[in-house]
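First the structure, in the form of structure tokens, and then the observations on it.
The values are calculated or read from the model by the stated rules, or taken from the named source; none is laboratory data. Small disclaimer: the values here were computed from a predicted structure and weren't measured. Reconstructed Cβ throughout: ideal geometry from the backbone, glycine too, with neighbour counts over all protein chains shown.
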């Protein structure tokens, strides 16, 4: 049997991905599908951690644009990620998987505080670790949280789950002639403003040589395919 290409991964899930076609809230069929795919990967011996966004519930940037204090709006967004993390934890545990939610904002009743060494120990015990509340700081996105946690736990790769099958030079949903990139360098993502992740996250990945694979989450089995090294999506690296 072929061995997985990656041994320790960070799966980045946007809040919008959890909402499905509704655009808001949590679509339980999608949640169950993600949980099923994660369990499939863990059974290969891969250590899996997940960073969840909160855009299906609240977006700090949009709140700030309407006149709300930016820090307050961002903290609200962090709380939204905790809601999504608990929902994903429940879905994974329904599949028989051991999990831990670790929050960058302390809330002992629902999640462990994020401690780097403890997170690594959970992964070594084959528990799925779900990182919630971003970095715990306003003005930083959950993309940046994914890059930061990946560097801290020495992950092999960040898997960026999207609703499209890779990175394009323009929006493929609006432009049928959009060109898909098979491979990209970090500096190209920054220079071309391709929107793989924000510039802070991209720079952090570049400085720490953390590869990123952008792939289509809507097709079941794609997490397994990426982990096994199949050529799907867009690979971002040096």
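So that you can scan it fast, the table gives a plain yes or no per residue for (1) under 30 Å from residue 106 (Cα atoms); (2) touching a helix residue (DSSP H, G or I) at 6+ places or on another chain (Cβ under 6 Å):
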position: 130; (1), (2): yes, yes
position: 140; (1), (2): yes, no
position: 161; (1), (2): yes, yes
position: 167; (1), (2): no, no
* **the range 36-54: number of residues that are surrounded by fewer than 14 Cβ atoms within 10 Å (Cβ to Cβ) and either closer than 24 Å to residue 197 by Cα or in contact (Cβ under 8 Å) with a residue 24 or more places away in the chain (or both)** => 1
* Residue check: is residue 145 closer than 23 Å to residue 36 by Cα and at pLDDT 95 or above? -> no
* **Hey, residue 147 buried (at least 17 other Cβ atoms within 10 Å of the Cβ), touching a strand residue (DSSP E or B) at 6+ places or on another chain (Cβ under 8 Å), in contact (Cβ under 8 Å) with a residue 40 or more places away in the chain and closer than 17 Å to residue 12 by Cα or not** => yes
* **Which numbered condition residue 113 fails, given (1) farther than 21 Å from residue 200 by Cβ; (2) in contact with a strand residue (DSSP E or B) (Cβ under 7 Å, 6 or more places away or on another chain); (3) crowded, with 16+ Cβ neighbours inside 10 Å** => (3)
* Within the range 55-77, which residues are buried (at least 19 other Cβ atoms within 10 Å of the Cβ) and either part of a loop (DSSP other than H, G, I, E, B) or in contact with a strand residue (DSSP E or B) (Cβ under 8 Å, 6 or more places away or on another chain) (or both)? -> 55, 56, 57, 58, 59
* Unique residue being in contact with a strand residue (DSSP E or B) (Cβ under 7 Å, 6 or more places away or on another chain) and either modelled with pLDDT under 95 or under 30 Å from residue 70 (Cβ atoms) (or both) when the list is 214, 157 -> 214
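Would you confirm whether any residue within the range 27-45 is part of a loop (DSSP other than H, G, I, E, B), out of contact with any strand residue (DSSP E or B) (no Cβ under 6 Å at 6 or more places or on another chain) and modelled with pLDDT under 90?
No - not one qualifying residue is present in the range 27-45.
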* Asked: What are the residues in the range 176-194 that are touching a strand residue (DSSP E or B) at 6+ places or on another chain (Cβ under 8 Å), in a loop (DSSP other than H, G, I, E, B) and loosely packed, with under 15 Cβ neighbours inside 10 Å, if any?
  -> 178, 179, 182
* Condition met for residue 163 (under 24 Å from residue 218 (Cα atoms) and surrounded by fewer than 17 Cβ atoms within 10 Å (Cβ to Cβ)) -> yes
* Asked: So which residues in the range 89-135 are within 16 Å of the chain's Cα centre (by Cα) and within 24 Å of residue 61 (Cα to Cα), if there are any at all?
  -> 102, 103, 104, 130, 131, 132, 133, 134, 135
* Which residues, counting only those in the range 195-204, are surrounded by 19 or more Cβ atoms within 10 Å (Cβ to Cβ) and under 14 Å from the mean Cα position of the chain (by Cα)? -> 196, 197, 201, 202
